[in-house]
Amino acid sequence: MTRTLRLTIATPETAVTDSMACKVRAMDESGSFGILPGHTDLLTVLPSSLVRWEDEQGTRHYCAVRGGVLTVSGGNHVAIACRRARLGDDLHALEAEIEAERASEEDAERVARVKQAQMHARAVRQLMRYLMRDGDEGLSDILAEHQA
């Protein structure tokens, strides 16, 4: 029996890591779990979470994953396929990076919502101008009431 695990983490764009580990720790919907060499075959879905592992020198490594699938095969290969992943050897620095990225994404979403609302309002105004051009005075009275 081997005393190490081969850990691969990949996104659709790139192979994030392909390294050797003594143990791996991950989390699925049922909770946190560990994987050691000789682990039985496993397939599970990962939520956005942190995967951590220890290499042969005892150094801890971390990877924040945004959803994915983890498989263990042959008792010595752990593979994670995920949408996005960010590696880090310093947990606090990784947490800060993830938080900054999350804040940036929230800001981008907020800007997109505002732009969408502005486009919607412009479309409604254009539609109302078009309808008013046809001489529908009842419509212009209703518009005047709502603008007041």
- Message: I'd like the distance between the alpha-carbon centres of the stretch 75-104 and the stretch 57-74, rounded to an integer number of Å.
- Response: 9
- On full extension of the chain, what length is gained from residue 133 through residue 103, given 0.36 nm per residue of separation minus the C-alpha to C-alpha distance? 6.3 nm
- Message: Angle check, please: helix 91-133 long axis (alpha carbons) against the longest principal axis of the chain (alpha carbons), in degrees 0 to 90, nearest 10.
- Response: 20
- Give the long-range amide H neighbours of residue 84: residues separated by 5 or more places, or on another chain, with amide H under 5 Å away, using H modelled in the peptide plane at 1.01 Å from N. 66
- Item | Per-selection metrics, the stretch 1-63 (Cα): Rg and Dmax in Å | 11.8, 33
- Query: If one takes the longest principal axis of the Cα atoms in the chain, at what angle in degrees, from 0 to 90 and to the nearest 10, does the Cα axis of helix 137-147 lie?
  - Reply: 50
- Query: For the pair residue 22 and residue 92, what calculated FRET efficiency results from E = 1/(1 + (r/R0)^6), where r is the Cβ-Cβ distance and R0 = 25 Å, to the nearest 0.05?
  - Reply: 0.65
- Quick one: if the Förster radius is 41 Å, what FRET efficiency do residue 118 and residue 83 give, using the C-beta to C-beta distance and rounding to 0.05? 0.85
- Task: Using only Cα positions of the chain, each an equal point scatterer, no hydration layer, compute I(q)/I(0) via Debye at q = 0.10, 0.12 Å⁻¹ and quote the log10 values to two decimals.
- Result: -0.51, -0.60
- Message: Output wanted: per-residue J couplings in Hz (rounded whole) for the stretch 5-22, from phi through Karplus 6.51 cos²θ - 1.76 cosθ + 1.60, θ = phi - 60°, x for Gly and Pro.
- Response: 10, 8, 10, 10, 10, 9, 10, x, 8, 7, 8, 6, 8, 9, 9, 9, 9, 7
- Task: Starting from the amide H of residue 22, placed 1.01 Å from N in the peptide plane, find each other amide H under 5 Å away whose residue is 5 or more places distant or on another chain.
- Result: 5, 54, 55, 56
- Can you work out ³J(HN,Hα) from phi for every residue in the stretch 57-64, in order, using Karplus 6.51 cos²θ - 1.76 cosθ + 1.60 and θ = phi - 60°, giving whole Hz and x for Gly and Pro? 8, x, 7, 8, 10, 9, 8, 7
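The numbers here are math on the coordinates, done by the rules we state, and not lab data. Predicted, not measured: the structure shown is a model, and the values here were computed from it. As a convention, Cβ positions derive from the backbone with ideal geometry for all residues, glycine included, and neighbour counts pool all protein chains shown.
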